[in-house]
Each structure stands twice: as C-alpha cells, then as structure tokens.
Amino acid sequence: KAGAMDYILKTPEALAKMAKVIERALRQWGYIVRQRLTEDALRESEERFRSIFQTAAAGLVVISPFRNILQVNPAFCTFTGYSEEELLSSSLLDISLPDDGDRISAMYDDLFSLKSRTVDCERRYLRKDGTVVWGHVSVACIFGGDGRPAYAIALVQDISRRKALEEQLLQ
C-alpha cells in the first residue's frame, strides 16, 4: 500500500521488526490453510455420509430421543410406502401396529436411558396402504458432545418374504 519505495528503503527499526512480521504472517497463513483443509475434509465426509445414506439398499432412519423421525432414506420410504415428508412429520408409533406400541416404546426407553446401547430385533411396520411388513431392525444410540444420547440410527431390512415363507412352513 505504501508503494515500492517502502519495500526498497527500510529503516533499521522496520528491518528489526521484519522477522516477527513475517513469522506472524506465516502463522496466520498456516492457520488459514489448516482451516480450509479441515473444512474440505468435513465437507467431503458429509457428502460421503449423505451419499451412503441416500443410496443404501436397506432402510435408514434417524430417531430423536422423543421417538420422532428426524431423517429417512429412500429405501425406508419405499419399505413403508410413505413419502419422506410424511415420515418426517411422524413418530415411530405412527408406523407401528397398535399391539406393538408398548414393546417399541420400551425398546427405545431402554436405548435412550442407556440400559442398552444397541437393539437388534424383528418387528412389524404398518405401511401407508394398511398392509403389514416385517423388518429386521438394528438400532444404535449416538451420543452428543455432552455424553448424553443425541439420537438413534436404525437400519431396517425387509424380511417380509422370509416371514411369509416361515408361516407357510409352519402351516
């Protein structure tokens, strides 16, 4: 800003401070570079998660400690017959059979109260068209920075065909 003469003609005081000025500028530049690399890595990680979440063949559901559905993938929408918007305005009990409500509530109570860290079970879901489908559900509790349960993520695999075959074999 001062012009070329400022760079050519330096006072002894300015020259004495030059090393510290350069050192500070290099520290700031290093901080900026590390910050950008961190932001790029975070963005790449988020894109990778979003891609995996959206393209997974099994249903994925993110559930709040209040049992509200926070996020679903397309496979879960197909499995239940509901749109993403419909599911996001629902709770787990809305897509469960009334007879299963107490068992499902108890399962998530145990999960969010830390009696169990994961749940693995087979359960029924009530589809939008009124039919019942079976899912094998694996649920894990995810903790926040404060060490408390922040949400749960459920992996749901459609086992309706297997259940129908088991029923036929029993008959």
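Approximating the spin labels as points 7 Å out from Cα along Cα→Cβ, the L70-to-E23 distance works out to 4.6 nm.
Explain nothing, just the number: dipole magnitude of the stretch 15-171 about its Cα centre with +1 on each Lys and Arg Cβ and -1 on each Asp and Glu Cβ, in debye rounded to the nearest 20.
Details: 21 positive and 22 negative charges, 210 e Å.
Once rounded to the nearest 20, the dipole reads 1000 debye.
Compute the length gained on full extension between V33 and S105: take 0.36 nm times their separation in residues and subtract their Cα-Cα distance, giving the result in nm to one decimal.
Value of the extension gain: 21.1 nm.
Highest GNM mean-square fluctuation among T80, T118, T11, for the chain modelled with Cα contacts below 10 Å: T11. If R₀ is 45 angstrom, what is the calculated FRET efficiency for the pair E13 and S51, using the beta carbon separation as r and rounding to 0.05? Plugging the Cβ-Cβ distance into 1/(1 + (r/R0)^6) gives 0.20.
Segment C121..Q157, full-extension length gain: 11.9 nm, with 0.36 nm per residue of separation and the alpha-carbon distance subtracted.
Between R50, R124, R34, the GNM of the chain built on Cα springs shorter than 10 angstrom shows R34 fluctuating the most. Within the stretch 38-89, the chymotrypsin sites (Phe, Trp or Tyr not before Pro) that combine a DSSP coil assignment with at most 12 other C-beta atoms in a 10 angstrom radius are F66. Taking the chain as a Gaussian network of alpha-carbon nodes connected by springs under 10 Å, the highest mean-square fluctuation of the residues L93, L111, L26 belongs to L26.
Using R0 = 22 Å, the C-beta based FRET efficiency linking D129 and E84 works out to 0.80.
Working note: 222 nm ellipticity from helices only, DSSP H runs with n ≥ 4, each -39,500 (n - 2.57), summed and divided by the residues of the chain, gives -16000 deg cm²/dmol to the nearest 500.
Assuming a viscosity of 0.692 mPa s and a temperature of 37 °C, what translational diffusion coefficient in µm² per second does Stokes-Einstein assign to the stretch 37-99, Rh being the Kirkwood radius over Cα pairs? Estimated via Stokes-Einstein, D reaches 255 µm²/s. Among V33, A75, L87, whose Cα lies farthest out toward the positive end of the dipole of the stretch 6-87, if unit charges sit on the beta carbon of Lys, Arg (+1) and Asp, Glu (-1)? Looking along the dipole axis, the top candidate is V33.
I'd like the projected area of the chain, averaged over all directions, using the convex hull of its alpha carbons. Report it in nm² with one decimal. Numbers along the way, then the final one.
Numbers: hull surface 66.8 nm².
Mean projected area of the Cα convex hull: 16.7 nm².
Given H placed on each backbone N at 1.01 Å, which residues far from Q71 in sequence or on other chains put an amide H within less than 5 Å of it? Excluding prolines and chain starts, which carry no amide H, the hits are V62. For the stretch 80-97, backbone phi angles converted through the Karplus equation (6.51, -1.76, 1.60; θ = phi - 60°) give residue-by-residue couplings of 8, x, 9, 6, 4, 4, 5, 5, 5, 9, 10, 10, 4, 5, 5, 10, 10, 5 Hz, Gly and Pro being listed as x.
Read the figures in this text as sums done on the coordinates, not as results from a lab. If you're wondering where the values come from, they're calculated on a predicted model, not measured in any experiment. Don't worry about glycine lacking a Cβ; one is built from the backbone with ideal geometry, like all the others, and counts go over all protein chains shown.
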